[in-house]
Amino acid sequence: MNERDGLSRRHPLVGFLFFALVLGFSMCLLHPLSLLSSFCGALSYLAALRGAPAARRTLLRLLPLWLLAALLNPAFNHAGVTVLAYLPSGNPLTAESLRFGLAAAGMLVAVLLWFACCTEVMTEDKLLCLFGRASPALALTLSAALRFVPRFAAVFRAVRETQRVNAAAEEGGVLARFRSGAAAFSSVTTWALEHGIETADGMRGRGYGLPGRTSFSLYVFTARDRRVLSWLLFCAAGLLTLALLGRFSWRCFPRVVRAPLDAPGVLAQLWYLALCLTPLFLRGEEG
Amino acid sequence: MKRLGKKRLALASALLLILLAGLLLHGTRTRRAQTDAAAENVCTLSVRCDTLLAHRDELDDELARLIPADGVLLAETTLAFTAGETVFDLTQRALRAQEIPMEFSSTPFYRSVYVEGIGNLYEFDCGALSGWMYRVNGTFPSYGSSRCTLSPGDRVEWVYTCDLGADVGDDFYVRQE
């Protein structure tokens, strides 16, 4: 657990609701200002969680993806009233499809950044605490699945390092390196399968999922949790209402029409920004 | 190690660019419509969406704005064409000159194109049975407009249907029943 992070120290329910909200709103609100809020919130939170250099690395890795996603849209989507040019295929290249591509790609990047934060905060024990009683099988599968990829990578790295020490990996041409890599991959796959069975057996041996089993968790729902949870619920209700009233609306086709930035529009955007920055405010808190 | 990473990144971005270029160039037609001044053949072309006028209230506001009051996107005009030009070539040339966007998808295997939308009015905008159809001298050909070669004096009409052609005078599906 990230000891210095406010949201990580809160009850799992709070973290779960927060990420459900920001992920849901990020996926649905394509208004450029909302996207910017979401992106900035996610990036600054990731920087706070993993440190600025790690966040910068993640961002640099996501940038080509953003560009690719942004450019892919006008290659397939030709709707829109503002024709900029004609593609060699004969279909028009429109300003609207470019803008939509940029927005959709921005949404993708923001959602990926939020997911990166989510894996830092919502650790396996929290998922088990949330769903362990209601659906033991699902909770265990979920936590094992979320753990699988980073763990697989770590074990694979360890095997490769051992090979390198044995001078098996670096010698020889491409084919030899491929062969040693394949051997490592094979052994790690075998390990993963075996480990999965062992974990399942171990959990069964502990009586996991049996009726009448109590479920221990470290988390206690405190007054502070109640306060943060009510703020999140307040945000959810308010933002959902504003969204249903069209205060976040932004449509591209056939022409770009965006919700006016009048008083309710500004309120909506500021409120959403406040929701996205909530974990940063919580960092200042103690206890 | 760092060098290798950079090289790989450069290689990956180069591949990405090639992929993108390929996507953009996808479906490029090798033979361009010729705008030959020496053309002696003429035909007429019109683009209408009268059927949408009755459904104006059901449509989205932004789409309803696009429908001309009289339903005529392109009034009947006489155009010159060169021998071998197809209905599609003529339509594309005329609509570009009028700056009316048209989107189509082409299937090179059948040498056929399908017109998805004209003037941002697209297929399915007015229900599942709606879309653009074309008519040459009053009859609806049962093949793509890029396979329909023009003859002198042809009267080409693009019409928007909301009912699989039944509302614009195509009785193909009526006869089938």
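Values in this text are rule-based calculations from the coordinates and carry no lab data. All values derive from a computational prediction rather than experimental measurement. For neighbour counting, all protein chains shown are included, and Cβ atoms are generated from backbone atoms with ideal geometry for every residue, glycine included.
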Review point. Do any GluC sites (Glu not before Pro) in the stretch A:145-219 lie in a DSSP loop with no more than 16 other beta carbon atoms within 10 Å, and if so, which?
Key: A:Glu170, A:Glu171
Point to revise | Derived scalar couplings ³J(HN,Hα) [the stretch A:25-41; Karplus, 6.51 cos²θ - 1.76 cosθ + 1.60; whole Hz; x for Gly, Pro] | key: 5, 4, 6, 9, 8, 9, 4, x, 5, 5, 4, 5, 4, 4, 4, 5, x
**Study point:** Amide proton proximity set for B:Val42, modelled H, under 5 Å, gap of 5+
**Key:** B:Phe81, B:Gly153
**Study point:** Among B:Arg48, B:Arg147, B:Arg65: highest mean-square fluctuation, GNM of chain B, C-alpha pairs under 10 Å
**Key:** B:Arg65
Review point. How do B:His55, A:His78 rank when sorted from fewest to most other Cβ atoms within 10 Å of their own Cβ?
Key: B:His55, A:His78
Revision key, fill the gap. Sites removed, the longest contiguous part of chain A containing no DSSP-loop chymotrypsin sites (Phe, Trp or Tyr not before Pro) with at most 15 other Cβ within 10 Å is A:1-215
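Length gain on complete extension for the stretch A:Leu277 to A:Phe76, per 0.36 nm per residue less the alpha carbon to alpha carbon distance?
Here the segment from A:Leu277 to A:Phe76 would lengthen by 68.8 nm.
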Revision key, fill the gap. Note to self, chain B gives a 222 nm [θ] from helices alone (DSSP H runs n ≥ 4, -39500 (n - 2.57) apiece, / all residues, nearest 500) of -8000 deg cm²/dmol
Check your understanding: Which residues' amide hydrogens lie under 5 Å from the amide hydrogen of A:Leu87, considering only partners 5 or more residues apart or on another chain, with H built in the peptide plane?
Key -> A:Leu93
Practice item. Give me the distance in nm between label points sitting 7 Å out from Cα along the Cα-to-Cβ direction at A:Ala223 and A:Ala137, one decimal. Key: 4.3
Revision key, fill the gap. Phi angles of the stretch B:111-117, converted by Karplus (6.51 cos²θ - 1.76 cosθ + 1.60, θ = phi - 60°) into ³J(HN,Hα) in whole Hz with x for Gly and Pro, give 6, 10, 10, 10, 7, 8, x
Study note, to complete from the structure: For B:Glu85, other-chain or 5+-apart residues with amide H closer than 5 Å (H placed, Pro excluded) are B:Leu150
Study note, to complete from the structure: Here, A:Ser186 and A:Leu210, labelled 7 Å along Cα→Cβ, have an inter-label distance in nm of 4.1
Practice item. For the stretch A:58-75, take each phi angle, set θ = phi - 60°, evaluate the Karplus expression 6.51 cos²θ - 1.76 cosθ + 1.60, and give the result in whole Hz per residue in order, putting x for glycine and proline. Key: 4, 5, 4, 6, 7, 4, x, 4, 4, 4, 4, 5, 5, 7, 5, 4, x, 6
**Study point:** FRET efficiency for A:Asn166 and B:Thr107, using Cβ-Cβ distance with R0 set to 45 Å, rounded to 0.05
**Key:** 0.20
Revision key, fill the gap. Per the C-alpha gyration tensor (a ≥ b ≥ c, the square roots of its eigenvalues), chain B is rounded if a/c is under 1.5, else prolate if a/b beats b/c, else oblate; here it's prolate
**Study point:** FRET E, pair B:Glu58, A:Leu244, Förster distance 22 Å, beta-carbon r, rounded to 0.05
**Key:** 0.50
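Working out 0.36 nm times the residue gap between B:Lys7 and B:Ala80, then minus their Cα-Cα distance, what length gain in nm do you get to one decimal?
Net length gain for the segment: 20.8 nm.
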